[in-house]
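For reference, the structure is listed below as structure tokens.
The values are calculated or read from the model by the stated rules, or taken from the named source; none is laboratory data. Everything quoted here is computed from the prediction, not taken from an experiment. No Cβ is skipped: glycine too gets one built from the backbone with ideal geometry, and neighbour counts run over all protein chains shown. Only protein heavy atoms, including side chains, enter the accessible area calculation; ligands, DNA and RNA are left aside. Shrake-Rupley method; radii C 1.70, N 1.55, O 1.52, S 1.80 Å.
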Amino acid sequence: MWISWWLWPLVALCTGDQFRDEAERIMRGTPVIDGHNDLPWQLLTMFNNQLQQEKANLTSLAQTHTNIPKLKAGFVGGQFWSAYTPCDTQNKDAVRRILEQIDVIHRMCQMYPETFVCVTDSAGIRQAFQEGRIASLVGVEGGHSIDSSLGVLRALYHLGMRYLTLTHSCNTPWADNWLVDKEDKAQSQGLSDFGQSVVKEMNRLGVIIDLAHVSEATMKAALNLSKAPVIFSHSSAFSLCKHRRNVPDTVLQLVNQTGSLVMVNFYNDYVSCRKEATLSQVADHLDHIKKVAGAGAVGFGGDFDGVSRVPSGLEDVSKYPDLVAELLRRQWTEAEVRGALADNLLRVFKAVEQVSDHTQTPEEKPIPLDKLENSCRTKYGYSEAPSFHHQPGALLASLTTILLGLSLL
């Protein structure tokens, strides 16, 4: 009898290895597509985007959650890299900053072509899987990056942006952010008329709508308006951690009804509402979203290199297999695991592509001038802008003065 008792730890160890081995087997065929990684921001803050510096080498990069060996160890096969610029760039140099962050993502693909391939559609992700490279996509984090311009939105699409987070942690003139549910004042009560035009234009273009960081009213407005499924690229379940960055059950029900996707965030403050968290607690969020919204609504959006605290057991991007092993331990089926790894995102992306229609007339009506801060911007195109076309009287007066002057010569 005492021999059986002595064997229990060994049995548990072998069982744990079995789940980890099974996780790796599944991930060799279906690697993870992560919804949000802030490595490009780290490259800006650490190296001012100078990728040729010796310390910026992505094969040996230290002090980050992400480098090439860690990505390979974690079976990462697809990554939405975050092109991010902070809220203090709004109404200033946000567009320039976001262009630079998109540029650094493209240069990552150019410098490490054996590892990364920049893609812009679901077929490109599948092709990258077959080639054993990491499909690299641009996700723009924060609607302030388009400077309330449909033209900028379209330009970013042409530069490879395939999702746009409607807000970061600040309101835009057309959408409310998550802090409205806590302390900020609502400006748009979700989405303004122009915000609705942004959503419609994203549908037309084929840009995934990302609702991480937005207010609950904005979540519901976008879910009800969009013709395509949406994502939460890095958010968790509000019922388990009552942080306003997380998704309430009422919204999870809409996620289920619209075939949308919640990619679970690993930031401790959103996982446990404390400074410490564990891998098991992240799995709890995945379980909850699966229970409320369905297995097709679950994905991974680690937020690596964008947060200061990550759970024990999920210290960097190499640890995804351990999380998958935990899901298998909790009796997730192989199909459910493959869905959370990649298939759910690929389904959403494909649906967004099917809704898009570039033959449809683009949204054109600009945001009203009075919705914009005017201190650092010109007014060309608006009726208040100085223009000969809008001031015929002034033009006539100028010509009269000139002609009179000539007659006196």
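Structural remarks
- Subset of the range 317-374 (residues that are farther than 22 Å from R154 by Cβ and acidic (D, E)): D322, E326, E334, E336, D343, D370, E373
- Close pairs from the range 254-265: first in contact (Cβ under 8 Å) with a residue 12 or more places away in the chain and part of a helix (DSSP H, G or I), partner of a type in the set (S, T, Y) and open to solvent by 10 Å² or more (accessible area, probe 1.4 Å), Cβ under 8 Å, at least 6 apart: T258/S226
- Within the range 154-177, the set of residues being assigned to a loop (DSSP other than H, G, I, E, B) and surrounded by fewer than 21 Cβ atoms within 10 Å (Cβ to Cβ) comprises L159, G160, S169.
- Any hit, the range 240-249, residues being over 24 Å from V317 (Cα atoms), part of a helix (DSSP H, G or I) and either open to solvent by 50 Å² or more (accessible area, probe 1.4 Å) or among the polar types (S, T, N, Q) (or both): no
- Annotation: T59 fulfils all but one of (1) open to solvent by 60 Å² or more (accessible area, probe 1.4 Å); (2) assigned to a helix (DSSP H, G or I); the unmet one is (2).
- Selection count where residues are of a type outside the set (F, W, Y) and out of contact with any Leu (no Cβ under 8 Å at 6 or more places or on another chain), scope the range 116-144: 16
- Within the range 63-83, the residues that satisfy the criterion of being open to solvent by less than 30 Å² (accessible area, probe 1.4 Å) and hydrophobic (A, V, I, L, M, F, W, C) are I68, L71, V76, F80, W81, A83.
- Filtered residues of the range 222-239 (kept if within 18 Å of R204 (Cβ to Cβ), hydrophobic (A, V, I, L, M, F, W, C) and either over 17 Å from the mean Cα position of the chain (by Cα) or open to solvent by 20 Å² or more (accessible area, probe 1.4 Å) (or both)): L225
- Matching residues in the range 296-306 - criterion: being more than 14 Å from the chain's Cα centre (by Cα) and open to solvent by 10 Å² or more (accessible area, probe 1.4 Å): G296
- Scope the range 302-346; condition among the hydrophobic types (A, V, I, L, M, F, W, C), out of contact with any strand residue (DSSP E or B) (no Cβ under 9 Å at 6 or more places or on another chain) and part of a loop (DSSP other than H, G, I, E, B); matching residues: V307, W332
- Pick from the range 98-141, criterion outside any helix (DSSP H, G or I) and in contact (Cβ under 8 Å) with a residue 60 or more places away in the chain, ranking: surrounded by the most Cβ atoms within 10 Å (Cβ to Cβ): E141
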